[in-house]
1. Where does the longest stretch of chain A lie that holds no GluC sites (Glu not before Pro) found in a DSSP loop with 10 or fewer other Cβ atoms within 10 Å?
2. Describe numerically, in nm with one decimal, the distance between label points set 7 Å from Cα along Cα→Cβ at B:K30 and at A:E106.
3. Using Cβ contacts closer than 10 Å as the measure, can you line up A:D535, B:D462 from fewest to most?
4. Within segment A:425-448, whose backbone N sits under 20 Å from a point 7 Å along Cα→Cβ of A:Q517?
5. Can you tell me the relative contact order of chain B? Whole percent, Cα pairs under 8 Å, sequence separation 6 or more.
6. Using a simple spin-label model with points 7 Å from Cα along the Cα→Cβ vector, what separation in nm is obtained for A:E2 and B:E2?
7. Over all pairs of distinct alpha carbons, what does the Kirkwood formula give as the hydrodynamic radius of chain B, in Å?
8. Run the label-point distances for B:E161 please: 7 Å along Cα to Cβ, every other copy, nanometres, shortest first.
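Read-outs throughout are calculated quantities, based only on the coordinates presented, and are distinct from any laboratory measurement. What you see is a predicted model; the values in this text were computed from it and never measured. Cβ atoms come from the backbone with ideal geometry, glycine included; neighbour counts cover every protein chain shown.
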Protein chains: 2
Amino acid sequence: MEQKLKFWGWGYEGQGLDEQYIRQVETLAKALFGIAELPRLTPPTLASLELRSPRCQVPETLKSVCSTDKYDRALHSYGQSFYDAVRKLNNDFSNPPDVVAYPKSEQDIVDLYAWAADEGVTIIPFGGGTSVVGGVEPPQSDRPVVAMNLRRFDRVLEVDEQSLAARIQGGIYGPDLEAQLKPMGYTLRFFPQSFEFSTLGGWIATRAGGHFVMGPTHIDDLVESVRVVTPKGIIESRRLPGSGAGPSPDRMMIGSEGILGVITEAWVRIRRRTTRKWSASIHFSDYDAALEAVKDIAQSGLMPSNCRLLDAREAMLNGIAAGDCSVLVLAFESCGECCEDRFRQALNIAENAGGLPSIDVSAGDAKQGNESAESVGSKDEELATVGEDSSEQWKQSFLKMPYLREYLCARGIINETFETAMTWERLPEFIRSVRRATIEAIKEVTGRTGFVSCRLTHVYADGAAPYFTFLAYGDPERMIEQCEAIKTAAANRLIELGGTITHHHAVGRDHRPWYDQQRPDLFAQSLQAVKAQLDPDAILNPGVLIDP
Amino acid sequence: MEQKLKFWGWGYEGQGLDEQYIRQVETLAKALFGIAELPRLTPPTLASLELRSPRCQVPETLKSVCSTDKYDRALHSYGQSFYDAVRKLNNDFSNPPDVVAYPKSEQDIVDLYAWAADEGVTIIPFGGGTSVVGGVEPPQSDRPVVAMNLRRFDRVLEVDEQSLAARIQGGIYGPDLEAQLKPMGYTLRFFPQSFEFSTLGGWIATRAGGHFVMGPTHIDDLVESVRVVTPKGIIESRRLPGSGAGPSPDRMMIGSEGILGVITEAWVRIRRRTTRKWSASIHFSDYDAALEAVKDIAQSGLMPSNCRLLDAREAMLNGIAAGDCSVLVLAFESCGECCEDRFRQALNIAENAGGLPSIDVSAGDAKQGNESAESVGSKDEELATVGEDSSEQWKQSFLKMPYLREYLCARGIINETFETAMTWERLPEFIRSVRRATIEAIKEVTGRTGFVSCRLTHVYADGAAPYFTFLAYGDPERMIEQCEAIKTAAANRLIELGGTITHHHAVGRDHRPWYDQQRPDLFAQSLQAVKAQLDPDAILNPGVLIDP
């Protein structure tokens, strides 16, 4: 029997956190916020749900690819942000899409566009619906809304083993993509946290970032060419390993967040599955020294696959350390070549900066090779690149995070993340300042001390991407408004200090106020001009990136 | 005294090839084409030159930054393509720019735009004028033309040693840029063949490629942010190590070839100067085996700095081998870390594929370190990464090539290059087919057998960029038309087979017919829409990339 996604939370029905973990978190949260009891919100049931009647009639010719089923419409009402989680738990499905379309072919998409243009219908490309920035939410408007779900575009169409590239359909989910590549010995090696429930087309449309800290970890670098169905027709770029012919057409579509068209196919760069890994976790008592070590490794040319710095709170939150030190998770992996030498050099840099490698340093290929060969899930394999003891902890907590969100929401705990990027010379002060602004805002908004942690998710020779997590307990009835006030304070600060409003979460509707400050006005006008050209009837995803 | 650029050729007045080399080439050419004597065209003198009177009046307010001097106008009449070289030698300066502007400030550029809009003047951003694709040539039109030369924007404004980045003005030439970074121990490490006479802004505008075969060798990867003066105002992107906020504004400007604005500044990624190098040249009797070895190295994750395959003819042309084998120039370099292990692994791959390393394998740091520390010119340093014996040969011939063009033109010899890119699975047949089409076209057009060689200038995990050179001898009076016929045959073939019309030479006006086939029509329309937004009076570089 096919597993059914929860319409009100993360993952499949029946999936969630185990009892023991819940008790741990509950104890931690009570201690953190100094409260004796946490509230308990109960998730809605489908039976309890009443949705507004669809505001449009699906034409006969499109009925076979459209659904007005309650479950489908509820499932496509929201993404997966904290705001979304709260509204779902609150049984607030007041603005659902009127129709959910599951096109089977590009012609179906063309037909949907034609109907939308004729009838003034809005179409929202849904991807996997894991947007945490309001990217797939129906706008408040009188126009009927169709959520377009490409889950039927779920195949690896072609694998080029000579050039290590594959032609893959846009609606495929991470695990399906990996499962179809695996028997041939390949992987896309792209693992965002949303991996299980997000799609290739969604990754490209949102300029997503994968789990690896360096090298080709952005989807941008993995795209060889794209095929996009726009309301004006199809844009398909030529499949090339490199080109200098004018501005890149691919780069216009990468990050376009569904406002220009729907990505039905892409040629992407794949690799042979990793066979050898070297990893260690390194403890630092001095955070600034740890930052310096990460910078030196990032600038060394050694190119680790992981070099992820968790500050003391983040390490504690993930159960990797006790909260008294920050932890650097360092790893190298190869498709056959030996990385041991590079690994040792990077380890030296960290040790010279005052880092203490924990006992889990694992180098060489025998054990790692087997582990990799035997690992089943692609995410398992990827996460095995971190050191042994911390890897298990980290993996568990990485996978649990989205489930934790729905659990924490139901306990009235505000929990949100935001991420940015900054060049090294300003980074230490930038992290401190954004953290301070967040802490102060939590105190001011909720009246209680909150929790703010930070990890570096990606590093570059010229800077890094800090990723913040915050927890706060205020008025469980006003969680959205309180979270918004905290996030606004943090976003204001990071934009004021020259950061980006998003490093890999995209812009959507939620980040618009800061994106508008960040991007040059003339670029917005350029994007509007492109939009008017490709989507002249303004069918697609209004309000995302630019004004409708 | 300031050196003066030749208005009719490459480099400074007085610079050229030495007598001995000329005799060698002449002997070779006579043998190649089976002719006893070569014609001798004499370059024009400034005194012999008569230019059309300027077709516009420079307003009083702009006179201090404008020149209508004969030398200036002649110098800005052409780029550096073969067609340009022939027209210069033929004293054909029939369509010069009417004015050459040397703005000192962004306000000067704004004022020039305002005048151009009012008076229907065309402005052509000139960069260093090394375009080989008709990118800086005044179009045939009644509109007066101003060539805009940014040579006064020639400073490194800021160096961020923490983040390894520098803010640099767009009009700076390669050697000046390196000279200003060098005392601090840094380099941009970007060395296109035009390095000496091209500018940072020109590299960005044309999406140029540097000399290194892998890693960050495209200017695209070195740009942190750009500042562009468009006719509608300034676009300045935020300086960030990475961002996922909408489509990249930088990527809209990178490759825009002067049709949207002028790049006055950019933050670019610099690096510490290389201190350690490992290199070898490897001979292959079997070209397909050599291609296979290059593919395996490119897909190995070892990331060489050079892995340049010269086919037997190219190796002969460059004096590296006798024409009986192809040569792979392999090198690794570091900013301190040890690459010896990676170098040995790559060498193994090449040897296992049947390659024979020549005696010049140089590994380790002592000698290389000194060599690097003592090297003066940045290009010297860069070229020292190839093996010892072949490196000298290669370096000499790399630097001589542009001078060779003007010499060969003057001897009536058609000499041209073109470059493309292709994924590995089609590459061997692609190279053969394009080469065959070129050989056949030469025979058909000139009646004589010509010379066609190929090297791979850049390699990727998913493909490579073949760079072709051809020599032909036909009717010295009809060199342009004959060259055009040959290049058309080659371009038709490579576009038909799925290649790109340019990997790093840009599109300009010359490549338009094939670029138009290659890029999606809807992307052209999008670019036109952006152009209408940023340059509503259509002042800038008409005919390049899109129709005016």
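1. On the way: sites that count: A:E2, A:E37, A:E50.
It works out to A:51-548.
2. Roughly 5.9 nm, to one decimal.
3. Details: A:D535 21, B:D462 27.
Final ranking by Cβ density, sparse to dense: A:D535, B:D462.
4. Answer for this model: A:426-445.
5. On the way: 1129 pairs, mean separation 85.9, N = 548.
RCO, chain B: 16 percent.
6. Placing both labels 7 Å beyond Cα along the Cβ direction yields 7.2 nm.
7. On the way: mean 1/r = 0.0415 Å⁻¹.
Value: 24.1 Å, from the Cα pair sum.
8. Result, one decimal in nm: 5.3.
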